[in-house]
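Data block below; observations after.
The values are calculated or read from the model by the stated rules, or taken from the named source; none is laboratory data. Bear in mind that the values here come from a model prediction, so they are computed numbers and not experimental data. Counting neighbours? That spans all protein chains shown, and the Cβs are built from the backbone with ideal geometry, glycine included. Protein only, heavy atoms only, side chains kept; ligands, DNA and RNA dropped before computing areas. Shrake-Rupley method; radii C 1.70, N 1.55, O 1.52, S 1.80 Å.
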Amino acid sequence: MNGISNPMNGTDEESNGIPALLLSEEDNVVTLLSPAERGDEVRILSGGGTLAAADSIPLYHKMALRFISRGETVLKYGVAIGRARQDIPAGAWVHLHNLESFLDEKSSFLDLHTGVDTGRRYE
Amino acid sequence: MTSWTGYLRSDGSKGIRDWILVVHTVECARFVAEKIASGEENVCCIGYDPCNDNEYAIRLLLALSRHPNAGGALFVGLGCEYTQPRRLAEVTEASGRPADWFFIQDTGGTLTAVAEGKRRLAALKERVEKNRKPVSMGWQDLSVGCECGGSDATSGLAGNPLAGRFFDRLVDRGGTAVFEEMAELVGLLPELLRRAETPEAAEEIRAAYDNMVRYCTSVRQYSISPGNFAGGLSTIEEKSCGAYAKSGSRPIRGVIRVSERPSGKGLWLMDSLPDPYFMQFGYSNPHDTEGLMDLLSAGCQVLFFVTGRGSPVGAPLAPVVKITGNSGTFLKMEEDMDFDAGPILSGETGFDEAALELESLVERICRGDRSKSEILGHREYAIGCKFQDTGRPRRC
């Protein structure tokens with residue numbers, strides 16, 4: 001997302017690391033409030049604790065808080081937002097490549113970075 | 001207790017504004033209607049474009065001419081359309097609001113019709129002023145509608161949850177709150193049912209939900225787009241969570257359809273999806289203005305529009321309060337945006353403090369301060385060519 005600055009990142013002595021929101025206690029993913037590079041330390045704001053990012057993760061995208069096995073439900077806001085398409089290690093980027101909707105079959109055929117439908121023919 | 005002066009209507013509802021509407025009953029009368037309303041204070045123009053016979057549009061026009069913020073209406077027809085300005089004026093008049101009408105074809109050409117409209121409008125204004133009944137009103141008399149559009153990730157994290165926090169406070173004080181966008185509740189049936197106040201409400205929610213899922217499945221299109229995916233939302237269920245946050249946490253009393261007023265205080269869900277008979281791809285709400293019209297049709301005196309990416313739109317009749325969770329958007333579009341919820345994400349403020357601040361802004365707007373869209377003169381309107389059954393027997 002362009003335009004949003006996050007003063008929490010790097011301005012507070014005690015708050016090093018990439019800030020991330022845990023929206024509900026039972027969630028197995030967190031939402032990053034700044035982009036992370038692979039290996040960056042991610043700091044969970046509400047739940048406390050830190051975790052190293054296993055991938056580069058864009059701003060406002062999700063990171064696995066713990067190991068999520070294939071077929072397991074992914075929870076955000078305490079709500080089932082989809083199912084893991086494969087085993088997801090702790091710290092990994094959780095998005096279109098490893099998470100699918102329970103309803104919308106289209107979400108499995110989208111470009112990971114742009115979200116554009118790669119199956120659509122233009123002719 | 002917080003109170004301010006509003007306008008009493010004969011049905012007991014109270015308005016925070018006293019608009020006079022100039023309504024065109026077909027596209028062909030739009031130019032004349034707009035000319036009549038042009039340059040007039042507290043007068044705005046709305047209308048229905050198609051010449052066809054549409055019960056949904058008639059209900060919506062009457063919901064707007066009898067809106068709590070409406071004091072009177074002038075209906076302008078061409079003369080050959082199905083929608084009858086005389087009938088609309090009669091029903092509006094019967095609601096205790098001065099109303100008038102005329103056909104352009106009976107009157108003369110553009111210039112003559114505009115002059116006739118201006119003359120009738122001046123007379124109507126006098127009647128509306130004489131008819132004005134100032135009344136004390138407070139949160140318990142207020143109905144606020146909320147929709148989101150031009151969303152980014154901040155909408156689900158800050159903008160919508162903040163609107164939800166406001167809704168909780170409004171409902172707790174006896175006010176009314178309406179949220180919509182059934183298409184962005186897909187995936188959340190258990191959560192919605194858990195919040196249904198009564199078994200009847202649960203049944204209404206389930207029916208509206210099933211209808212929406214059937215629609216999405218049949219057109220293979222859920223309400224999520226490439227920009228949403230790129231912004232970090234991976235599934236419709238996840239996007240729905242963010243949109244759902246604007247409903248707050250209070251029990252859902254029931255489902256209302258377009259042009260239906262809630263039958264009591266509290267939190268209500270609006271279902272604006274057309275009935276299956278008329279449902280084809282593209283018939284769900286085509287843009288944010290139509291969503292705002294839906295909320296207006298439920299009698300909401302104040303409208304919230306949560307937009308992470310920013311939007312300039314406003315509405316006739318009611319102030320639109322535009323809230324963004326993205327401080328960058330707020331800075332870039334400050335002339336349009338009313339409230340910056342971005343400081344919640346940066347940790348500079350909390351939801352409770354921000355909700356208090358938003359509440360004080362709404363209170364000032366109820367007391368007569370104008371929202372940004374009102375100041376700029378935004379009065380976008382749209383009445384779609386749709387159909388929704390009222391559930392009542394229909395006359396042939």
| query | Expressed as a fraction of 2.2 N^0.38 Å, the rule-of-thumb size for a compact globular protein of N residues, what is the C-alpha radius of gyration of the protein assembly as shown? | reply | 1.03
| request: Per DSSP H run of n ≥ 4, the term is -39500 (n - 2.57); total these for the protein assembly as shown, divide by its residue number, and report the mean residue ellipticity at 222 nm rounded to 500 deg cm²/dmol. | output: -8500 deg cm²/dmol
| task | Please list B:373, A:69 in order of solvent-accessible area, largest first, computed with a 1.4 Å probe with all protein chains present. | result | A:69, B:373
| field | Segment residue B:376-residue B:133, length gained on full extension (0.36 nm per residue, minus Cα span) | value | 84.7 nm
| query | residue A:27 accessible area, nearest 10 Å², 1.4 Å probe? | reply | 10 Å²
| query | Which lysines have a Cα lying under 21 Å from the Cα of residue B:133, excluding residues fewer than 8 positions away in the same chain? | reply | B:14, B:125
| said: Given the whole protein assembly as supplied and a 1.4 Å probe, what does the accessible area of residue B:257 come to in Å², nearest 10? | reply: 50 Å²
| query | To the nearest 0.05, what FRET efficiency results for residue B:40 and residue B:363 with a Förster distance of 25 Å applied to their C-beta separation? | reply | 0.35
| request: Take the alpha carbon atoms of segment B:1-53, find their radius of gyration, then divide it by 2.2 N^0.38 Å using N residues; give the quotient. | output: 1.53
| task | Express in % the proportion of alpha carbon pairs of segment B:195-285 at distances exceeding 22 Å. | result | 36 percent
| Between residue B:107 and residue B:331, what length comes free when the chain is fully extended (0.36 nm per residue of separation minus the Cα-Cα distance, one decimal in nm)? | 75.7 nm
| task | Estimate for me the total accessible surface buried between chains A and B (protein heavy atoms, probe 1.4 Å, no ligands or nucleic acids), in Å² to the nearest 100. | result | 2700 Å²
| field | Delta accessible area of at least 50 Å² on complex formation, residues of segment A:95-122, 1.4 Å probe, chain isolated as reference | value | A:103, A:104, A:106
| Counting only the backbone N, which residues of segment A:51-78 are under 19 Å from the spot 7 Å out from the Cα of residue B:249 toward its beta-carbon? | A:76-78
| task | Estimate the FRET efficiency between residue B:94 and residue B:1 by the formula 1/(1 + (r/R0)^6), using the beta-carbon distance for r and 25 Å for R0, to the nearest 0.05. | result | 0.15
| So what's segment B:19-131 giving for Cα Rg divided by 2.2 N^0.38 Å, two decimals? | 0.94
| message | On the principal axes of its Cα set, how long, how wide and how thick is segment B:134-255? Give whole Å, largest value first. | response | 49, 32, 25
| said: Using a probe radius of 1.4 Å on heavy atoms only, what accessible surface per residue do you get for the protein assembly as shown? Whole Å² is fine. | reply: 41 Å²
| request: Check cross-link reach from residue B:332 to the aspartates and glutamates: straight Cα distance under 16 Å, and skip same-chain residues fewer than eight apart. | output: B:152, B:340
| So for B:371, B:223, what's the accessible-area order with a 1.4 Å probe, most first? | B:223, B:371
| field | Distance histogram in 5 Å bins (all Cα pairs of segment B:250-395, percent per bin) | value | 2, 9, 15, 18, 19, 16, 11, 6, 3, 1, 0, 0
| request: Among DSSP beta bridges lying fully in chain B, give the percent that are antiparallel, nearest 5. | output: 15 percent
| task | Could you check what % of the DSSP bridge pairs in the protein assembly as shown are antiparallel, to the nearest 5? | result | 35 percent
| task | Show B:4, B:101 ordered by accessible area, largest first, where the area counts protein heavy atoms only and the probe is 1.4 Å. | result | B:101, B:4
| said: Considering only protein heavy atoms and a probe of 1.4 Å, how much of the accessible area of chain B is carbon and sulfur, as a whole percent? | reply: 51 percent
| field | Cα gyration tensor of chain B - equivalent ellipsoid semi-axes, whole Å, descending | value | 34, 24, 20
| remark: As straight-line cross-link partners of residue B:118, the qualifying lysines (C-alpha separation under 19 Å, not fewer than 8 residues apart within one chain) are B:35, B:130
| Which listed pairs, of B:246/B:372; B:246/B:386; B:265/B:386; A:106/B:265, have C-alpha distances above 31 Å, in listed order | A:106/B:265
| field | Debye intensity ratio I(q)/I(0), log10, segment B:74-161, q values 0.24, 0.25 Å⁻¹ (C-alpha model) | value | -1.17, -1.23
